[in-house]
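A.B. asks: I have a structure here, written as structure tokens, and I will follow up with some questions on it.
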Amino acid sequence: MIPNITLAEYQGLALRTAAPGIRKDMKYSMGGLGGEAGELLGCVMAYSLCTNLPERMKLHSSIALEAGDLLWGMVQAMEAWDISPMLISALSRTHSPVLGVDLKLLSVVVVTDALALVDLTKKMLYHHPDAQKQEDLRNMYQSNMVEALAHLRDLVGLLGLTLEQVMQKNLDKLAKRYGTSFNTVGAFAKDRE
């Protein structure tokens, strides 16, 4: 357990579980962000409809885990784009919290943020932009990542959690699955969890 873990510390620890060759893979980041955002949205929607208290508590825990999985995808994307997690974290703290928004709507905002990051990656990889356009896309990506992290922080805050708690829960899950580094046994263990 790391008290007051930073995003940069989380990135270093979390990406130890990345399969060889994907730390800088922009295509992998597209799938990771889109997939994990969808899983998070599904958990939030189930949570908001659930009236059975024990099941609702399980879903609360699942949301925290899915938020951690999305965060893993975000730090992998930062690595792929060579964007500093310290900068993203600092800028996201200046972002005003979203007020008066319910959990369902905020989860859709988080998914939209993740998909905007996917779209910018697609433009970088498939539209073959010139150097100036690449720099513009990188700046837009960084700005969107700041918003995505701030909105994810707001989302878990509505559940009474901090982003640091989500990071720690994710690291605990990864340590249980992989130990200290990626391995194929751990990668396939996900299907048995």
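The values are calculated or read from the model by the stated rules, or taken from the named source; none is laboratory data. A quick note: this is a predicted structure, and the numbers were derived from the prediction, not measured. Note that we place each Cβ from the backbone using ideal geometry, even for glycine, and neighbour counts take in every protein chain shown. Protein only, heavy atoms only, side chains kept; ligands, DNA and RNA dropped before computing areas. Shrake-Rupley method; radii C 1.70, N 1.55, O 1.52, S 1.80 Å.
A.B. asks: Keeping to the stretch 1-34, report how many residues are farther than 17 Å from Pro85 by Cα, in contact (Cβ under 8 Å) with a residue 12 or more places away in the chain and touching a Gly at 6+ places or on another chain (Cβ under 9 Å).
C.D. replies: Number of matching residues: 5.
A.B. asks: Could you grab me the full set of residues in the stretch 1-36 that are of a type in the set (Gly, Ala, Ser), open to solvent by less than 30 Å² (accessible area, probe 1.4 Å), closer than 12 Å to Trp72 by Cβ and under 11 Å from the mean Cα position of the chain (by Cα)?
C.D. replies: Listed by number, the residues that qualify are Ser29, Gly32.
Residue-wise test of (1) in contact (Cβ under 8 Å) with a residue 24 or more places away in the chain; (2) open to solvent by 30 Å² or more (accessible area, probe 1.4 Å); (3) over 28 Å from Pro20 (Cβ atoms); (4) under 14 Å from the mean Cα position of the chain (by Cα).
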position	(1), (2), (3), (4)
Val111	yes, no, yes, yes
Pro129	no, no, yes, no
Ser143	no, yes, yes, no
His151	yes, no, yes, yes
Gln168	yes, no, no, yes
Lys173	yes, yes, no, no
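A.B. asks: Give the residues of the stretch 37-49 that are of a type in the set (Ser, Thr, Tyr) and either surrounded by 15 or more Cβ atoms within 10 Å (Cβ to Cβ) or touching a His at 6+ places or on another chain (Cβ under 6 Å) (or both), sorted by residue number.
C.D. replies: Within the stretch 37-49, Tyr47 is the sole residue that qualifies.
A.B. asks: If you don't mind, there's one more thing I want to ask. Just to be sure I understand, how many residues within the stretch 47-84 are of a type in the set (Gly, Ala, Ser), over 18 Å from Leu171 (Cα atoms) and assigned to a helix (DSSP H, G or I)? Before the answer, list the steps.
C.D. replies: The first filter runs over the stretch 47-84 and keeps only residues of a type in the set (Gly, Ala, Ser), leaving 48, 61-62, 64, 67-68, 73, 77, 80, 84.
Filter once more, so that each one left must be over 18 Å from Leu171 (Cα atoms): 48, 80, 84.
Next cut, assigned to a helix (DSSP H, G or I) only: 48, 80.
Number satisfying all stated conditions: 2.
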